[in-house]
Structures are given as C-alpha cells and as structure tokens.
C-alpha cells in the first residue's frame, strides 16, 4: 500500500520525522545521474558504515538472517528512529522510482520519499521477511532534491531492518505497445469522470476494455462512454440497469380538464397495480403528475405527494416534496402488491391554486380522483413508474424479454461495444435463467459476447446455491428414473454419464443399468452400461457411444431384480438445473432434474460442480475472481486449487478463461504491492488465462487505494499495472495462440491440488525454489514454456536442465515481443535466468523439437475383480520416424498382475519383455525394415493384466516411467510419459447390462446372444454390433460373460 500524506495524515503522522532529534538531514548529498542508474550512495549498506546515511541510533548489522543480499543491512531498534539519505541534482518535473526492502520483528516499517515537491509518500511494511516497497513520484516544478527514508514508527520488541535501496529516473518514453491481449478494468470512471482525459488515461495503462458499473449503466451515459471509448481505441462490456431492474409504467393519459390543488384543497387519486404477468417484489419508484401549462406557479410553491394504503389515510407509505412544476415525485422504493388499490394525495403550500391536468369524465377504470377528500367522477393524469429487482425473491430471476431486446437494440451497433455484462458472482440456481437471457440477447445481437463472472472457491454453499437444494427418489424394478438432455454444439461422442446416488442406499449385489435412448418414447436404444454397487456417491456409467450435436436424448436408470435404490439425487420440485431437459419418474416428466454430468468425474455440491454447471452451458468466456491478499491471511489458501478447477473445466468445455486481479484493499483485503500484482498476472497466464481484469480501477465506496485513488489521482499501483500490462501486451501476440498442455509446480512444498513437476518432463528445474511451469503448444505446433517465480517477495535465479533433443531455447521479449536469445547451452542443455519477485518469462523451444508422447488406453475405466483387462500402449504426434523403442512401466501390483504382451503392428516386433521385479515392465520394441517405422499416431503393444480378487473396490495406476525412441540415424529422444488409472470393482461391472435383448428381464435369450458371439473380441470386424455381449467390459466375449448372465438367470 502506498499512502499519500498531505493535509491529513491518517495513519501515523510523518511530521515526527521532522521533529527534534529525528531531522531528515543530508550528510553527503548524492547527485543525480543518467536514467536507469541507481542514484543513491551505498544503497545496500555494503560499506559496512552509515556514512552515506543519516540516523539517530540505527546501526549496521551483518547477521546473515537479517541481511537481504550482500553482507550488511541497516538495523533500527528504537521505535521512532530511521535511516535516511538525501539525493540532490534531480531534474524538476521528472518521474523517479524508489524501491527498498524492509522487515520487522514487530510493529511496522515505512519505506518512503518526501521533500521532493509533493506529498509525503510511503509504503507500510509489516512481517519478519523482507518485502519490497516501491514509490513512484514526480519532482516539483523547481525541485531538485528528495529524501529517501526507512522509518520505524511502531514496534515494542525486536528490531526493524532495511536493505537494497534504489532510486532511478523513469524515462518518459512512450512505447508503441501492442493492443492484442484482453486486459480490462473493473469500476471505471463514473458519470462525472466520463471524459476524454479519463479514457485516455485508461488506454495509456495498456488496458483495452472496462466492465460497466460505477453508475455507467444507462443508455445516455453509456452512449457518451462508448463514443469516448471508440475515440481512444477502447472497448466496453456494457452494463445497463435493466439487467438488474425491471420497470413497468402505469398511466392515465386522458386529459382535457384540470383540478385545483392549494393549501386548502388537496387532490387525490386511487390507482391499482393491475397486471397478471408481473411477479412479486415490485416497488413504486416515482410518480409524474402533469401541471397544466396555463397554471400559475408562484415563487416558493411546493407540492407534496403522499401515498397511503387507502383514501382513509390510516397508513402513510411515503411522501416527497417538489419545488419545480415539471418535476416527478421520486417517491422512493415503496413496496406494493399486485391487484391492490392505493391512494395518492397532493397538497400545496400556496394559496394560489395549481392546476393539475385531469380528465373530464371517468377515464380510468381502476381508480378515481378525490377533491378535498371527496370522490369525483374524473381522474388525474399520471405516469407511475414501478420497478422490480430482477434477482430478488419472488421475482422472475432474469430480465424480461422486453428489457433484453431493448438493451441489444440500444447497443449492438456501437463499434466500442465488446459485449454485455449480465451478472456478477451468480448462484448456480440462476444458471438456467442466465442461459435464457444469453440466448435472448444473442438472438438479437449474435456478434457480441455476454459476460458472467463466477464466485471463487471460498464462497459459502449458500452463495454457490448448494444449500438445501436436493432431494432423492427411489429406484425400483417398478419405477425407473430418467432425464432428457441436449448435446452441445460440436459434441459428437459421449463416454460416461455420472449420476449422484447415495451409495448407502445401494445394497451389495444390486445391479443398476443406465440406458441411452433417442427419446422418452424409447424407440431406439443408443447405448447402455451397468454397475453392481459403487464405492462412491457419484458413480460413472460407461456408454462410449457416438451422438449427434444439438440433439435431445433420454437416459433412463433402472434396477434389476427385486431390489431398490432409495437415494437417487434430483433437484427440489420446481427447481430446474438445466434448460434443455427434465427428469422423469416411471416414464412421466416431473418438474425437476436429476443430478448428472457428462464425461466428468466430480462430486456434487462442490466448487467444481458449481463451475462445471456453468461451463457446460458453453458461455463465451469462463470468468472468475479470487483475491489472495487478505488482511488476516498473508496468502489466502485455495488460490491454486481454484485455478486448477477453472483451467480444467474451461478446457473440457473448449472455452477460454479470464481472471480478476486484486489491485485494491477494503475491510477484508490488504493493498497488494507491485510484486504481488505481478505474481497474480503471471501465475494466471501460466495456467492459460486468455484475459484478465484489474479489481479495481477507480476506488469504490468501502475500498481503498485502487489504481486511481479516492481523490481521483493516480496511485503508484497505476504505474505498476501499466508496466505489467505492457509486458503482457508484448507477449500477447504469442499468448493468444497458445494452448495449455499442463501446469506443474516445483519447490519443497507443492500447493494443495496441484501437480509436482514430473521427473520425466523435458524441462527439469535444478534446485528447490518454488516456481510454476506452464507448458503450451502454439497453433503452429511449436512448444512453449512459461516459468513463474512463485516467490512474490524475493527475486530468484532459477536454473533448468533440459532433455536431449532440444537444440535451442529463445525467450519472447516482454519489451518488444520479439524472440531474443537466452543463455541456453546446447552442449550441457542447461539454462538459467533471473526472475523478479512474482515475475514470469515465456520461452520457446526450437521448432524441430518433437513433442512425441506415449499413450495408454483401455476400453473401460472400471473392471471387475478377478477378471482380465487389456491396456494398449501407443505413440502420438510422431513427427520423425521411430525405429526403436525402450519403454519402462510401473503398475500397481497390489491390485493387478501382469499376464502378457503382444505387438499390435505387423513387422514391428516386441523383441524383449522384462517382467521383473513385480510391479515393473520393460518393453524393447523394434521395427523390421525401412518401410515399417512408426509415424503419426499408432497403437503399438497390447498389455494384458488380471485384476486381483480384492475385497474392497480400489484404484490402481499403470504409468510409463521412461520412454526413449530412436531414429534411423541412431539419435535418441524422449517421449512424453503417460499413465492410466483402473478401478478394480468388487462385485461390479464396468461393462454392459446382462439384459442384452432389452426385454426387461434376464433369461436364456440373453445367454444365447452371449453364446452366439463367444470368442469374439475388440479386433473382430463386427465388434461394435456385438460388444453388448461383453458383460464385464474386458474387450472379449468369453466364459466370464456366460457366467455373469447365468448367475443373473438363476438369481
């Protein structure tokens, strides 16, 4: 936090620095030099003295634990003491940057600057590890001097320490920064600041859009904002009050007459809110009455409008006074009920009558006028505006179609319109309504995005929409449960469907089947899968089938025999979780939805469930916020698990994700410093973020020290963000074309929910410093690595050992966007670089680097205990012909045993299989002749394993631990490694239902089908047609399948 001290000093008055005994004197002035040169003398105290500094009682220390770098640091023990240095010869009207590091055993330390011709500036630093303070200041019109200080204002025990100061001129160079990467601002300039100067200011910090709020939410102010944005090469994600509030007007417009209101004669009118399509939760906003143009209006005249429940005036709801004849009465949020009559009455403070326009007869059927409390056979002219908070209890929970149509019509033709800001941090209960709103907006304006931002993972279950939101249904052989759903655009395959079933209600030995039909009429069976019991509440059913995009299907869950399952989870009656489907009970639709996922393996009611449900609607962007720097917690837990969830679900949905970056403090958040701001940006980029927004730009009420302070001046953080944004924009041309392949972490402690850097990865870190390593593929196939210093307090030098086959490594420059050389040594395959705290660097490998990877695949992820199953080893993305392979594998010998291996490619020989020790395999594979090299994608070896007869369902892993490939020149290169997990189910099946002919019972007819196809396996030409007889899903039809059906028959 940079604190500005001028007329008021809110924290601790820096005037104490000028008090007796603590004068800021300049013992040996330092003279200014060229830009980018440290203008301070002995900035790291390495002289071992304080000769270049001034102090009362501070000393030099060489205690290693208290020195940031080098040998010495300054040690301040007395509260109220400081070290300071004066610098003379500065240039007037010139921008400078001062940095310094401090830490303290107790209390706080100020790193700051004063006497330069402006306000005293300082950063408050607390904590017992060195933290950087940064001050950017501009000297006054005639000022050539500044004091740099490290001051200890508080702290009862221990000492404070200061080290490594720097003062440099900031060259006033306008770089031609690209504008390619989405960088946004939240809480933009308000209506009074909607000026060309302010919009230039936003663009100059290298952002390119803002998200509409801070009262820039009406067509009038948005029109001005959009025109200013276009003039400054800027965009706006438009917000409009109609997204949050629905309006309705009730009018009586028949005139021709008038009624006199004066200090002796009030005029009233009853009215009724009468409209059938309105929900509850409506309020009166204002009332417009019409003063006759010919009416007198004496100076000082005031009209007061009061609203009562009835002409009896027993209950006053509200009143308001106006002093101008054409004003509306802003009556102020009076709650009203539908189809109920109310009474409004106007009084005047003037004896001169004011003529209110009225009808000449009874023109309004839902009320009438009153003169001096007596009913009259005429009606006042009026226009009453009602409003409803769209997302309030009892409301329709989405903007009206009329509002959405009007919004699209108002803004769709603006060049600066980037999209529409629909809602922030919604509950999952609102997802179906949001999807309806998006579809309506897109129907009128398909060319602009619709923006919704999700909650972070520290939100409560109530905020996520997961409090008391489910109930259960019973599944019996006489009552099936089903659900219709619609496939997404581009979805042509369906592997698994996951259902939420309370496993405690699923008795051992009971078989449940899930069948996929063309419709609830069940004309055509698409696929089926079954399970006998589950060790989780969220079992998957393997269907593995082709589907058509944008097509509705029907899934039906049944239970075999006479058993029942009591705990199949669905939504409460009336709560819809999806728009394009509904639940069924015994073939009849019900007003609810089953809990299910497609091609997922998650838990219901979790944050990942919250994100999946929104991502599965295919929004334009998956956006979220997570603010890591809280006042009560140095770094909020869950930061990386949140990123892992967002990245995973964005990739599965095939959409990009954006993130909010904390740049402000409030009652709960502390102000982030420059390194912490940089850290947020680069860690998100390493995870594949394709855009980010600063929270916030202007300082909202209840917040402090945003990029623009509350007084409208630029904070130091404005310049930090500007510099970070420039770096990202220079990287942007590359970043926008990258696809995230993987994210790994290094260091002694790996954050929860993340993946440690695998030992087989081609980019290995030397040392245990914490770092984030993002691995990417460019759209042209080239591979990139982003490395981020995960230490947001200290700079680090990180070193790396790269794998054979990598010929060169370049860096994408953060100042030009061009490729620049690194210190990569192709002989030793080593590289090292210096990283500022929280800094990231983007490296590109030589284009010839092969990203060949190994693959392990199997037909089902679950197999019954005691059965054999097959796993295929293969290679993918082989760009250079492979003739020899040395493949080493590990498998979990506790739950499976190796049986055999065979080559799947003619003239590619499995020369040797080493099976010892147990749990490890080594395969030596060779092509037989020049025409049989492996290129592209290929399945190479089939491995057969047997699941052990275990008593409790468990998972085992098969992993490739080393893969070395050889070409025709004898050159060796590694392939990326892979692994697969297999569930060994006790008494269960990951295969097909025993009711093969789908007649609702298991009989000799089903056994006959298995017998007819006995001996066939996955290599049989008609396997797709007959695999339904592969009951245990092991890829072949054999005695185990016959036994499974026979067991069901006799049961």
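The values are calculated or read from the model by the stated rules, or taken from the named source; none is laboratory data. Note that the structure is a prediction, hence the values are computed from the model and not measured. Cβ atoms come from the backbone with ideal geometry, glycine included; neighbour counts cover every protein chain shown.
Please work out which one of (1) surrounded by fewer than 19 Cβ atoms within 10 Å (Cβ to Cβ); (2) in contact with a strand residue (DSSP E or B) (Cβ under 9 Å, 6 or more places away or on another chain); (3) not assigned by TED's automatic domain parsing to the domain that holds residue 477 is the condition residue 624 fails and give its number.
Going through the list (1) surrounded by fewer than 19 Cβ atoms within 10 Å (Cβ to Cβ); (2) in contact with a strand residue (DSSP E or B) (Cβ under 9 Å, 6 or more places away or on another chain); (3) not assigned by TED's automatic domain parsing to the domain that holds residue 477, residue 624 breaks only (1).
In the range 728-780, which strands (runs of 3 or more DSSP E) lie fully inside it and hold 2 or more residues that are closer than 28 Å to residue 179 by Cβ, touching a strand residue (DSSP E or B) at 6+ places or on another chain (Cβ under 8 Å) and at pLDDT below 95?
Output list reads 738-746, 771-778.
Do we have any residue at all in the range 511-522 that's over 36 Å from the mean Cα position of the chain (by Cα) and within 14 Å of residue 567 (Cβ to Cβ)?
Yes - at least one qualifying residue is present in the range 511-522.
Look at the range 804-815 and say how many of its residues are more than 19 Å from residue 850 (Cα to Cα) and modelled with pLDDT of 95 or more.
So the answer is 3.
List, please: which pairs have Cβ atoms under 6 Å, are six or more places apart or on different chains, and start with a residue in the range 50-61 that is assigned by TED's automatic domain parsing to the domain that holds residue 77 and touching a residue at least 60 places away in the same chain (Cβ under 8 Å) and end with one that is surrounded by 13 or more Cβ atoms within 10 Å (Cβ to Cβ) and part of a loop (DSSP other than H, G, I, E, B)?
If the second residue must be surrounded by 13 or more Cβ atoms within 10 Å (Cβ to Cβ) and part of a loop (DSSP other than H, G, I, E, B), no pairs are left.
Please enumerate the residues belonging to the range 652-662 that are at pLDDT 95 or above and more than 8 Å from the chain's Cα centre (by Cα). Lay out the reasoning, then the answer.
First pass over the range 652-662, keeping only residues at pLDDT 95 or above: 655-662.
Residues satisfying the conditions are 655, 656, 661, 662.
Taking the condition buried (at least 16 other Cβ atoms within 10 Å of the Cβ) and closer than 25 Å to residue 983 by Cβ, does residue 577 pass?
It is false that residue 577 is buried (at least 16 other Cβ atoms within 10 Å of the Cβ) and closer than 25 Å to residue 983 by Cβ.
Tell me which residues, restricted to the range 358-390, are crowded, with 18+ Cβ neighbours inside 10 Å and closer than 22 Å to residue 424 by Cβ.
387, 388, 390
Please count how many residues of the range 378-422 are assigned to a loop (DSSP other than H, G, I, E, B) and without any contact (Cβ under 8 Å) to a residue 60 or more places away in the chain.
Qualifying residue count, the range 378-422: 4.
Mind listing whichever residues of the range 837-863 are assigned to a strand (DSSP E or B) and within 28 Å of residue 887 (Cβ to Cβ)?
Listed by number, the residues that qualify are 845, 853, 854, 855, 856, 857, 862, 863.
Of the conditions (1) surrounded by fewer than 19 Cβ atoms within 10 Å (Cβ to Cβ); (2) free of Cβ contacts under 8 Å to residues at least 40 places away in the same chain, residue 194 satisfies every one except a single condition; which number is it?
(1)
State yes or no: is residue 940 in contact with a helix residue (DSSP H, G or I) (Cβ under 9 Å, 6 or more places away or on another chain) and either assigned to a strand (DSSP E or B) or touching a residue at least 24 places away in the same chain (Cβ under 8 Å) (or both)?
Taking the combined requirement at face value, the residue does not satisfy it.
Which residue out of 146, 108, 141, 102 is touching a residue at least 40 places away in the same chain (Cβ under 8 Å), farther than 20 Å from residue 677 by Cα and buried (at least 21 other Cβ atoms within 10 Å of the Cβ)?
After ruling out the rest, the residue left standing is 146.
Do we have any residue at all in the range 974-994 that's surrounded by fewer than 16 Cβ atoms within 10 Å (Cβ to Cβ), touching a residue at least 12 places away in the same chain (Cβ under 8 Å), in contact with a helix residue (DSSP H, G or I) (Cβ under 7 Å, 6 or more places away or on another chain) and outside the structural domain of residue 895 (by TED's automatic domain parsing)?
No, that holds for no residue.
Looking at the structure I just gave you, is residue 326 outside any strand (DSSP E or B), under 49 Å from the mean Cα position of the chain (by Cα), in the same structural domain as residue 367 (by TED's automatic domain parsing) and over 16 Å from residue 367 (Cβ atoms)?
yes
Residues checked against (1) at pLDDT 95 or above; (2) farther than 16 Å from residue 459 by Cβ:
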site	(1), (2)
568	yes, yes
574	no, yes
578	no, yes
586	no, yes
610	yes, no
619	yes, yes
632	no, yes
640	yes, yes
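Residue under question is residue 893, and the condition is that it be crowded, with 20+ Cβ neighbours inside 10 Å, assigned to a loop (DSSP other than H, G, I, E, B) and outside the structural domain of residue 1031 (by TED's automatic domain parsing); does it hold?
No; evaluated as a whole, the condition is false for this residue.
For residues that are modelled with pLDDT under 75 and in a loop (DSSP other than H, G, I, E, B), scanning just the range 996-1031, find the one that is surrounded by the most Cβ atoms within 10 Å (Cβ to Cβ).
Among them, the one singled out is 998.
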